[in-house]
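Worksheet: the structure to be examined is printed underneath.
The values are calculated or read from the model by the stated rules, or taken from the named source; none is laboratory data. Since this is a predicted model, take the numbers as computed values, not measurements. Cβ placement follows ideal geometry from the backbone for every residue including glycine, while neighbour counts extend to all protein chains displayed. SASA here: full protein model, heavy atoms, side chains in, ligands and nucleic acids out. Shrake-Rupley method; radii C 1.70, N 1.55, O 1.52, S 1.80 Å.
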Amino acid sequence: MTIVSGPLPPLTPSKVWSVHVVLASQSPARLAVLRAAGLDPEVIVSGVDEDAYSAPSTGELATVLASAKASAVADRVPPASLVIGCDSMLDLGGTAYGKPASESEAAQRWRSMSGKEGTLYTGHCVIDTASGRRVEEAAATTVRFGTPTEAEISAYVATREPLGMAGAFTIEGLGGWFVDSIDGDHNNVIGISLPLLRTMFAELGTSIPALWKTSGRG
């Protein structure tokens, strides 16, 4: 469920033409998705210790982490900024998985995922620093994994690509060879859901077309 704090402001030209967009994430994949969609946000890494947080479910944990990242950056940006925080985690059999800590862990993760279905959750938090209001929600995408051979798993892990990915995989890189199908927003698997983000911006009174003209440092 979307959480919106405070009253919903009217959409006004003065608001949508002065927005500064900030991405509180070091993920190049998230940045690439936003840039391809017409935004050019400033990137500020939150520095949040992800291991310091917990939640009852994978979706809730991803949202808690996204909120923590956005909050950590919101105090460091100019007024009239929209700060976007995101965090992705894979739920496999009720267990939450983030980035693997080592190549051996990534290889074991793939052995566990092989031939199975999981849910990739990406928590989103957007903070409007002008009003202090925020919106939080998680998007979920079902992922059906293929059955790579042991040699393929070893070769993939040796590239080190999975070490930087929630769930030890990605669909837009080398890992895409080993994902059979998905149900849901493919960009959510990459790390940020544009349809959800559009809804969240609207709830804060901001128009997406306006952001095409005013995002980033301009």
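Using a cutoff of 8 angstrom between alpha carbon atoms and counting only pairs six or more residues apart, the relative contact order for segment 145-218 works out to 21 percent. Scaling the Cα radius of gyration of segment 44-111 by the globular reference 2.2 N^0.38 Å produces a ratio of 1.31. Per-residue ellipticity at 222 nm from helix content only, as computed over the chain with -39500 (n - 2.57) for each DSSP H run of at least four residues, stands at -9500 deg cm²/dmol. Taking the average, over residues, of other Cβ atoms within 10 Å as the packing measure, peptides 178-185, 23-30, 114-121 rank 23-30, 114-121, 178-185 from highest down. Of the solvent-accessible surface of segment 90-193, computed with a 1.4 Å probe and all protein chains present, 49% belongs to carbon and sulfur. Largest GNM mean-square fluctuation across ARG35, ARG109, ARG76, computed for the chain with C-alpha springs under 10 Å, falls on ARG76. Prolate is the label for segment 118-218, because the ratio a/c of its alpha-carbon gyration tensor axes (a ≥ b ≥ c) is 1.5 or higher and a/b is greater than b/c.
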